[in-house]
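Student: Before I ask anything, let me first share the structure, which is written out below as structure tokens.
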Amino acid sequence: MRFKSKGNSVIVKLYKFAAITAVLAIGACKESEIYPNIPLIDFKNYALLLEPITKDTLIKVTIGYKDGDGDIGLNPEDTFPPFNYIPDTFNKNTNPYFDNFHVEYLERKNGVWEPLINPESKDTITFSARIENITPEGKFKAIRGTMEAEFFLPFYNERSDTILINVWIYDRALHKSNVVQSPVIVLR
């Protein structure tokens, strides 16, 4: 998985925990632009795609972001607390700071939106990945831009034909951004 910066032609490799391709348009902010130090994100749009080889459904989401101190992303060596991998008994990571990009799937059951559950493991289905450090060099660290992420949609025979997704990120100071929600996504 990779994150690419359109403006600065920077390619950053990420750990492969799930299929994702993301493009970050990183713009250094002018001195007069001031953002809070807690990341602020907004949901721009989504598109459903068909993966040509496996014929699996991918979803591509575009998320806008702003951060006053530019501390979005982790370095490859950021694997010690609080960014360490903490497995549970099923080797699933339980540390929310190990990955800094998170997606939660929701489906409508009896008119109520609930987390999508894997019928085999009874686990909530989520997607997470690491964004590498995108802090700009120089005196002014505030950043803004957009992220485009592509990831596989989970498929189960009993799955609803409509879903929502919630997205949030963490910065290196462990600030959680606001949670943004997609519009209703029709899968069939």
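Derivation of every value follows stated rules applied to the coordinates shown; laboratory data play no part. This is a predicted model, so every value here is computed, not measured. Methodologically, a virtual Cβ is constructed for each residue, glycine included, from the backbone with ideal geometry; neighbour enumeration extends over all protein chains shown.
Student: Going by C-beta contacts inside 10 Å, put Val180, Val61 in order with the fewest on the left.
Tutor: Ordered from fewest to most neighbouring Cβ atoms within 10 Å, Val180, Val61 come out as Val180, Val61.
Student: Still on this model: Starting from the 7 Å offset along Cα-to-Cβ, what nm value, one decimal, do you get for the label separation of Asn91 and Lys122?
Tutor: Distance between the two pseudo-spin positions: 2.2 nm.
Student: Further question: So how far, in whole Å, is the C-alpha centre of region 174-188 from the one of region 114-167?
Tutor: The two parts, judged by their Cα centres, are 8 Å apart.
Student: When the Karplus curve 6.51 cos²θ - 1.76 cosθ + 1.60 is applied with θ = phi - 60°, which whole-Hz ³J(HN,Hα) does each residue of region 35-52 get, with x for Gly and Pro?
Tutor: Each residue of region 35-52 in turn: 10, x, 7, 8, x, 10, 10, 9, 7, 8, 6, 9, 8, 8, 10, 9, 6, x Hz.
Student: What are the ³J(HN,Hα) couplings of region 100-110, residue after residue, when phi is run through the Karplus curve with 6.51, -1.76, 1.60 and θ = phi - 60°? Round to Hz, x for glycine and proline.
Tutor: With coefficients 6.51, -1.76 and 1.60, one gets 10, 10, 10, 10, 10, 8, 10, 10, 8, 10, 6 Hz.
Student: Right, another one. If I take all pairs of Cα atoms in region 37-177, what percentage of them are more than 23 Å from each other?
Tutor: 43 percent
Student: Got a sec? How would Tyr105, Tyr35 order by Cβ neighbour count within 10 Å, fewest to most?
Tutor: Tyr35, Tyr105
Student: Would you order Asp67, Asp171 from fewest to most other beta-carbon atoms within 10 Å of each residue's own beta-carbon?
Tutor: Lowest count first: Asp171, Asp67.
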